[in-house]
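This report refers to the structure that appears directly beneath it.
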Amino acid sequence: MKRTLFFASLLATVLLTGCPKGKVSDTVSGDGGGSLTIALMPKSKGNAYFIACHKGAEEAGKQIGAKLLWGGPTEPDPAKQNEIVETWITRGVDVIAAAVENKEGISTALRKARKKGIKVVTWDSDAEPDARDFLVNQATPEGIGSTLMDEAAKVLGNKGEYAIITASLTAANMNEWQKNIAARNAEKYPDLKMVALRPCDDLKDKAFSETTAILNANPNVKLIMAICSPAVPGAAEAVKQSGRTDVKVVGLGLPNENKRYVHEGITPAVILWNTADLGYTTVLAAAAVAKGELKPGVTTFKAGRLGDLEVKGDNIILGKPFVFTKDNIDQFDF
Amino acid sequence: MKKHLREIAVAGALVLLLLVLAFAAPAFFKPQQLISVLTAAAPVLLAACGVALVIIARQIDISIGSLFAWCSVLAGLAAARGWPMPLVALVAIVAGAFLGAINGGLIAGLGLPSIVVTLATMVTWREAMRWWREGEFVRDLPTTFQWFGMSQTGGQWLLLIIAALVFLVLVFALKHLAGGRFVYAVGSDAEAARLAGISPRIVTFLLFVLMGALTGLGALLGAIRFADVDPKTGEGLELQAIAAAVVGGVAISGGRGKLWGVLAGVMLLACIAPALVFLHIQPQWERAIQGAIILAAVAADRWSGGK
Amino acid sequence: MTTTETSTSQPGSKETDKKRVPAFLRQFSTILLLVIAIEITIFSNTASHFNTTGNFLEIIRLSVEVGLLALVMTPVILTGGIDLSVGSLLGLCAILFGKLWRDGHLPVWLAAICTLLIGATGGGLNALLVTRLRLPPLIVTLGSFSLFRGLAEAVTRGVDNFTGFPDSFLFLGQGYFLGTIPAQLPVFALVAVGVWLLVHRTVYGRAFRAIGFSPEGARFAGIPVERRLALAYILTGSVCGLASLIYVAHVGQAKADAGTGYELLAITAVVLGGASIFGGVGDVHGTLLGLAVLAILRNGLILSDLPAELAGILTGVLLLAVLVGEAVLKKLFVHRSRRLNTQVAPLNPLNPPA
């Protein structure tokens, strides 16, 4: 009896303290006063690639006076992005800008957001087209795959063997890029053969050991194509420690992590794009979509200090993938 | 002979694997590849020995990976600040011992269950590291960092010698020092040990501190192989270390296990990933094979009549 | 109120017993309710739209998958065991479900039933190794944790993922009854009630507790220990299958890495709920409260625009705080135990503690 009374009074306290109060937080969608809430989601936090994107995004946010949310999953489970999106729907934001980890999975949540009147743009990697208004495209998977393959061919000449180091076998964007690399390979370089594909679980140290094993097991491999950013310096270090001066590395990585190896001649090309500009453009585009200024059918988009960007259909194109070489890599700091 | 059945069995499995490789892919035995496997396994060995001791004492520690990451990053930051290498090494070991003491204090001091405490510390430390570094490497390390400033070959040998020495000291201590006996005693029956005058609490606490220090040393040895530190390093280390210990004959129920078995376990599991590369087996089988080995090792244990 | 000197109490003294056991039990659930109350109060002030029925329903909806795993983990932990493989089994069931439907061309409902059976089989493997070979559950499920995930990756070659499920199926994870009640809620409620009844009202539940308290003692008491343990693990496996169905319906796709990390969340919820990891102590409503604490925390943090890492850190700290609090309370209200890591058993008036 005492126990029931105790629980009951506690429950009552919970309900009373939980009385709906006027929410203290400032912005809500549609509130006049002009301050937008833009919810920006990287693929996952704890990934250095997104640090620079975040900086660019914050710059844009300050410029237009919007409130920026930066939220992403820290766990690897593919459903975690969905959970955050669905909670943002409850919170009420004006626009969601997501770098998509799982195309089909997150499209479910994004479509729901759109139904509730929240605008959606994607950046870095796309969701399903009907789940978002626009894609801020720094480079298409085709562009990335082709550039990687072309740089590889530059190194190998038109005949030879290479290996690919990827992040994990399940990562959606990695698989997209691999498909395009293979397509480009088949189309233009029939004498180049990929002999091994190994995951490194997004760990530099593992990329190192996998590369060492590949080099020792396949002595004819003359190029390592590292398509996830920790793998580029990891593979390069492995090549360096193996003493094999005939092996080179190309990959998708951050300039700061690779400057050393680029200058030492191990990594002739690092492919990326200006990630800060990506974040910057995404926020501006998101704001424009939310305000209704960016509508389907336009062909250019004025992206603040970047000037006019081309819009192809529903893709805002930042440009082509950028190739960092020893001539230009020192100009960048991210 | 029967006493060492388990260690011999695992060593046997390892030899079998090596024989297969000798036939199908002899390139595995190139000195460069072997050294690569050994230097990668050295940090795991130290962590596995540490966790083996903890398991023998009937506890467990699943926070090893997060601990490893913290020690690596702190060591890297110290080096980046220009601290001399001996001091950097001290930072790694002391940081490990400190974090281990947190675990030990909660487990031995308050009697909390080790699996839950180390689950909590694992998550807390890992998320804190993620929040802090956001995945950014520790870069711009002085040249004295990689391979302790020595040549690559020199550094590799130094690494292996350090690991081997520490391992042998542990084996000796466990077998011949009273402290070693205490570990087994506490693991077999804590109450009996207490009645015999051993303090299970102190032994347990010190074991967690030792484990932390060993992992810290392992983190240092792992980090000096490179010229920068990835804050995500050590992910999955707890699984590797515990699996190696268990495969090597350390019983989860406590009181049993030999470090030589742990060595065999570490080497066996360390060879799987490169073996797959050399045998041209699809990489997605790696995890399934690991799981199968763990289950097979433990089941075989039962069949041979062990506890 | 209650004395700490229990050694002076007479065995069988009803009054001190009633004061000891109920006070302790009452205190633990109370602590959880208190934590929930604090969370709600704080988040009501910092988080937007936190205090709405819609949000509370969403909180439940988003925690159903982990919640199912936590519910069914409770009997396992009660027996003194553990199951680290539930997340991996969820992933394996998810992709096999996708494969049966897409490549096996089975109708969705049939594929779903097969998935439940597959889950049960996975649980059966754990059960076999634990009961027949008498292997410690920690190690068995550590192995199956790798094995199941590995099989999922091998079957899909890591790459394959299954999508495009019919809307009627997706309703299970995304639909709402009457526009407000999430479709997975009745399923979760049913399972919650079912597990609660199993643990608290049937002989099986009693058996679980007895086994956790002392397997040998339970055996001497005539309990078929192996059968009961098998039940616990097989049940866990089938509910993994069910959770995988809801997961796939919710997210709209089935991938090999589904459910990664769920086992730790489930265990955290159960332990937070007051169960002893050594077995013998714990209840299903505790698990539900533990789940609530975690789910509200995550939801509130996101709605307050705080980083996700904080959720992880706070979860760890909370878990430790609860454990420490529990240990401190035990010391205050129950005779001090001198054995290291021995849980203090539910008190039996016939056997005063050592």
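The values are calculated or read from the model by the stated rules, or taken from the named source; none is laboratory data. Note that this is a predicted model, so its numbers are computed, not measured. As a convention, Cβ positions derive from the backbone with ideal geometry for all residues, glycine included, and neighbour counts pool all protein chains shown.
The single condition from (1) outside any helix (DSSP H, G or I); (2) surrounded by fewer than 22 Cβ atoms within 10 Å (Cβ to Cβ) that C:A275 fails is (2).
Pairs are defined by a Cβ separation below 7 Å, a sequence spacing of at least 6 or placement on different chains, a first member in the stretch B:6-29 that is within 17 Å of B:V250 (Cα to Cα), and a second member that is aromatic (F, W, Y); the pairs so defined are B:E7/B:W260.
For the stretch A:303-321, residues that are under 15 Å from A:D277 (Cβ atoms) and surrounded by fewer than 18 Cβ atoms within 10 Å (Cβ to Cβ) total 8.
Give the residues of the stretch B:57-87 that are assigned to a helix (DSSP H, G or I), among the aliphatic types (A, V, I, L, M) and within 11 Å of another protein chain (Cβ to nearest Cβ), sorted by residue number.
Let us first name the residues in the stretch B:57-87 that are assigned to a helix (DSSP H, G or I), namely B:64-80, B:85-87.
Remaining after also requiring among the aliphatic types (A, V, I, L, M): B:64, B:67, B:69, B:73-75, B:77-80, B:85, B:87.
Matches in the stretch B:57-87: B:A69 only.
C:L151 passes all but one of (1) closer than 30 Å to A:E176 by Cα; (2) free of Cβ contacts under 8 Å to residues at least 60 places away in the same chain; (3) surrounded by fewer than 19 Cβ atoms within 10 Å (Cβ to Cβ); which number fails? The single condition C:L151 does not satisfy is (3). The residue that is farthest from the other protein chains (Cβ to nearest Cβ), counting only those in the stretch B:222-237 that are closer than 19 Å to B:V262 by Cα and crowded, with 24+ Cβ neighbours inside 10 Å, is B:L237. Residues in the stretch A:120-127 include none that are among the β-branched types (V, I, T), in the same structural domain as A:S209 (by TED's automatic domain parsing) and either assigned to a loop (DSSP other than H, G, I, E, B) or more than 25 Å from A:K222 (Cβ to Cβ) (or both).
Counting only residues that are among the β-branched types (V, I, T) and without any contact (Cβ under 8 Å) to a residue 24 or more places away in the chain, how many does the stretch A:213-268 have?
Filtering the stretch A:213-268 for residues among the β-branched types (V, I, T) gives A:214, A:221, A:224, A:227, A:232, A:239, A:245, A:247, A:249-250, A:262, A:266-267.
If we keep only those that are without any contact (Cβ under 8 Å) to a residue 24 or more places away in the chain as well, we get A:245.
Counting residues in the stretch A:213-268 that are among the β-branched types (V, I, T) and without any contact (Cβ under 8 Å) to a residue 24 or more places away in the chain gives 1.
B:F28 - would you say it is within 12 Å of another protein chain (Cβ to nearest Cβ), surrounded by 22 or more Cβ atoms within 10 Å (Cβ to Cβ) and either closer than 25 Å to B:V186 by Cα or modelled with pLDDT of 95 or more (or both)? Judged against the criteria, B:F28 is not a match.
Each residue in the stretch B:96-146 was checked for being surrounded by fewer than 21 Cβ atoms within 10 Å (Cβ to Cβ), of a type in the set (V, I, T) and under 21 Å from B:G187 (Cβ atoms), and 1 pass.
On the stretch given as the stretch A:203-212, residues that are in a loop (DSSP other than H, G, I, E, B) and more than 7 Å from chain B (Cβ to nearest Cβ) total 0. The helices (runs of 4 or more DSSP H) located wholly in the stretch B:196-307 that include 1 or more residues which are over 19 Å from the mean Cα position of the chain (by Cα) and either over 30 Å from A:R260 (Cα atoms) or without any contact (Cβ under 8 Å) to a residue 60 or more places away in the chain (or both) occupy B:200-223, B:259-278, B:286-303. From the list C:A269, C:A243, C:A256, the one residue that fits, being buried (at least 24 other Cβ atoms within 10 Å of the Cβ), within 13 Å of another protein chain (Cβ to nearest Cβ) and within 18 Å of C:S29 (Cα to Cα), is C:A269.
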